[in-house]
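This report concerns only the one structure given below.
Bear in mind these aren't lab numbers, they're just calculated from the coordinates by the rules spelled out. As the structure is a computational prediction, the values presented were derived from the model and not from experiment. Here the Cβ positions follow ideal geometry from the backbone for every residue, glycine too, while neighbour counts run over all protein chains shown.
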Amino acid sequence: MKKKFYITTPIYYPSAEAHIGHAYCTTICDILARYKRMRGVETYFLTGTDEHGEKIQKNAALKGVTPQEFVDEIAGKFQNLWKAMKISNDDFIRTTQDRHVKVVQDVFTKLYNNDDIYLGKYEGWYCTPCESFWTDTQVGEEHLCPDCGRPVHKASEEAYFFKTNKYLPELLKIMDENPKFILPLNRKNEMMNTFIKPGLNDLCVSRTSFDWGIQIRENPKHIIYVWMDALTNYISALGYDSDDESKFKKFWEDPDCEIVHIVGADISRFHVIYWPMFLMGLGLRVPDRVFVHGLLDLNGEKMSKSRGNVVSPLPLIDRYGVDTVRWYLAREMTFGSDGRFSPELFVDRINMDLANNFGNLVNRTTSMINKYFEGKVPAVTELNERDKALKLATETALRAYETYFDDLKVTEALVEVTELLNKANKYIEDSTPWTLSKEGRVDELANVMALLTNVIIVATKMISPVLVETSEKVFDLFHLSKEQRTYDLNYEFCPFTGNEVTKATALFPRLDAETETEYIHSLAKQ
Ligand code: MSP
């Protein structure tokens, strides 16, 4: 594992307010960042907003405000949402900030002087909402945008182009030599078959048809096309090409920093193909991995503001707590595959994993320790076969969890935790502590309580990058010292003898399926 970790979300368009889809990607990045920090890896986590482009200019005009006023308001709402979701980003970059604008202009100049960019004429099918030009084949006979399915129109303008084929051999070499450059692995074939094999066009990197963007210094009637502007955020935020390049040196140039971009399937080609090429043109290192996550739909329909079916995470957080929403997002959809948000799935998932499994285990254990051992964790003595099996299951789960996380398999790592918790609940049923107590088998009863405490603390540490509030609550219930709260794979077995234990009051109350699904359905309709 590298010593440092730089992780980024896409920078979101503040053309409308954030919905649960944006929250999904940001939450996963946050979980990865928190996991790395917990492992002692120096981590830098970036998110932000992509504030230029025709769509934003149009939306601002519709609202009767300037584009800057428009994005200021929505960017503020994004930031508030991330606070409410306990997102631990180290920085929030906005592409209208001076620190970014200057770098984008310099990047353009450098690439132009390097003969990577030339002035030509662009003709093609343009999709305004996606701000993308498409070819005849891509739009098909119906002339629909292959990304969003909306109608496209013919457009032509003088424009600057980036010479993609100049860097294609180098890109293919990187993809070959580093098989984990694009993750999950099947996404690589998709990139090759859809975009690279049919032949790459040079990429249009400027516009003259609207002016809400960063001007090209050498030819001010052009603005820099939104993707070259947007992608540059990953280095401008680190201070590339500024008076203080210390963060850039630390988190980009140092080969001992792992650079990971997490992006949705809708924008993978920009990150996997063009962004590495821009970096090559600038003589900079390319990222280690681009992880392409699937998209989340709502009850089977693509989420979009215009269809009126977006769900904001805020009312969910208000009603169910931030951990519940974070857990649902990370656990329900296998990271890397497409997924679904539905009120029924939400309620089922929360009841199954948090109320019945995790919450129940903590409630039962803390209550039994109070009942049988006056609220103090007893010491372990000789273990029987069942105890040994639970001890082994704990160690095995911990190792598997780390391996999955190191491969960015977030959901799989969390499944390890829920399976371990299931085993612990089953261990209670099999050990029948109530019978051990009745029969006065104190040593055996003590072992059961000590082992359950052990499993709960290990599992809570594993789950803590997701359940940021509850994990602290559980540590408090077991009166853990600061040292006892740290995470260590080679942990000491049952080191909590003598710790006081407070009886839990329902950590995650069971949700009433009918009332809550109805409530969540009403959110999507508003
Ligand atoms: N501004 C560009 C990205 C530039 S990055 C240099 C953009 N913005 S966006 O607001 O449209 O956000 C796209 C990203 O938001 C997706 O790639 C994905 O990470 C996330 N999601 C948006 N809708 C989503 C779902 N319905 N489901 C899951 N993630 C979603 O494209």
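Over 29 Å between C-alpha atoms is what I'm after, so list which of Lys110/Lys154; Lys163/Lys188; Lys3/Lys302; Lys197/Lys250 land there. If you can, show how the numbers build up before the last one.
On the way: Lys110/Lys154 31 Å; Lys163/Lys188 22 Å; Lys3/Lys302 39 Å; Lys197/Lys250 36 Å.
Pairs exceeding 29 Å: Lys110/Lys154; Lys3/Lys302; Lys197/Lys250.
Of all beta bridges DSSP finds with both residues in the chain, what is the antiparallel percent, to the nearest 5?
Counting only bridges with both partners in the chain, antiparallel ones make up about 45 percent.
Please give me, ordered by residue number, the GluC sites (Glu not before Pro) of the stretch 445-526 that lie in loop per DSSP and have at most 11 other Cβ atoms within 10 Å.
Glu492
Sequence neighbours fewer than 8 away in the same chain don't count; with that in mind, list the lysines whose C-alpha is under 21 Å from Lys77.
Reachable lysines: Lys55, Lys58, Lys63, Lys86, Lys305, Lys525.
Using the basic label-point model (7 angstrom from Cα toward the beta carbon), what is the Asn356 to Lys102 distance in nanometres?
If labels sit at Asn356 and Lys102, their model points lie 5.8 nm apart.
For Lys83, list the lysines whose Cα falls under 21 Å from its own Cα; do not include residues on the same chain fewer than 8 positions away.
Those lysines meeting the cut-off are Lys36, Lys473.
What dipole magnitude, in Debye to the nearest 20, does the chain give about its Cα centre under +1 on Lys/Arg Cβ and -1 on Asp/Glu Cβ?
300
Which of Asn422, Leu383, Pro465 sits farthest toward the positive end of the charge dipole of the stretch 343-485, with +1 on the Cβ of Lys and Arg and -1 on the Cβ of Asp and Glu?
Result: Leu383, furthest along the dipole toward the positive end.
In the stretch 1-40, whose amide N lies under 19 Å from the spot 7 Å out along Cα-to-Cβ of Glu69? List them in ranges.
14-17
Would you please calculate the Kirkwood hydrodynamic radius of the chain over all C-alpha pairs and express it in Å, rounded to one decimal?
One over the average 1/r among Cα pairs gives 25.2 Å for the chain.
Can you list the GluC sites (Glu not before Pro) in the stretch 41-148 that are in a DSSP coil and have 15 or fewer other beta carbons within 10 angstrom?
Here the GluC sites (Glu not before Pro) that fit, given the DSSP loop and packing criteria, are Glu141, Glu142.
What translational D, rounded to a whole number of µm²/s, comes out for the stretch 117-170 from Stokes-Einstein when the hydrodynamic radius is the Kirkwood one over Cα pairs, at 4 °C and 1.567 mPa s?
Reported coefficient: 106 µm²/s.
Subtracting the Cα-Cα distance from 0.36 nm times the residue separation, let me have the gained length for Lys2 to Ala61 in nm, one decimal.
Result for the pair: 16.5 nm of gain on full extension.
Taking the dipole about the Cα centre of the chain, with the C-beta of Lys and Arg at +1 and of Asp and Glu at -1, give me whichever of Leu507, Ile20, Pro287 is farthest to the positive side.
It is Leu507.
Over the Cα atoms of the stretch 4-293, how large are the radius of gyration and the largest Cα-Cα distance (Dmax), in Å?
Just the Cα atoms of the stretch 4-293 yield Rg and Dmax of 18.3, 54 Å.
Gap in Å between the Cα centre of the stretch 164-182 and the Cα centre of the stretch 40-72?
The stretch 40-72 and the stretch 164-182 have Cα centres separated by 31 Å.
Cα axis of helix 98-113 to longest principal axis of the chain: angle in degrees, 0 to 90, nearest 10?
It is inclined by approximately 50 degrees.
Could you work out how far helix 410-431 tilts from the main Cα principal axis of the chain, as a 0 to 90 degree angle to the nearest 10?
Value to nearest ten degrees: 10.
Could you give the nm distance between label points at Asn299 and Asn490, where each point is 7 Å from its Cα heading toward the beta carbon?
In this crude label model, Asn299 to Asn490 measures out at 5.4 nm.
Run down the aspartates and glutamates and flag those whose C-alpha is under 16 Å from the C-alpha of Lys423, throwing out any fewer than 8 positions away in its chain.
Asp353, Glu385, Asp387, Glu395
Treat every Asp and Glu Cβ in the stretch 343-485 as -1 and every Lys and Arg Cβ as +1, leave all other atoms uncharged, and give the resulting dipole magnitude about the Cα centre to the nearest 20 debye.
360
May I ask you to compute the full-extension gain from Asn114 to Asp243, defined as 0.36 nm times their residue separation minus their alpha-carbon distance, rounded to one decimal in nm?
Extra length from Asn114 to Asp243 when fully extended: 44.2 nm.
Rounded to the nearest Å, what's the spacing between the alpha carbon centres of the stretch 100-119 and the stretch 361-403? Just the number, please.
60
Can you give the FRET efficiency for Lys180 and Asp147, using 1/(1 + (r/R0)^6), R0 = 25 Å, r = Cβ-Cβ distance, to the nearest 0.05?
Given R0 = 25 Å and the Cβ-Cβ separation, E is 0.45.
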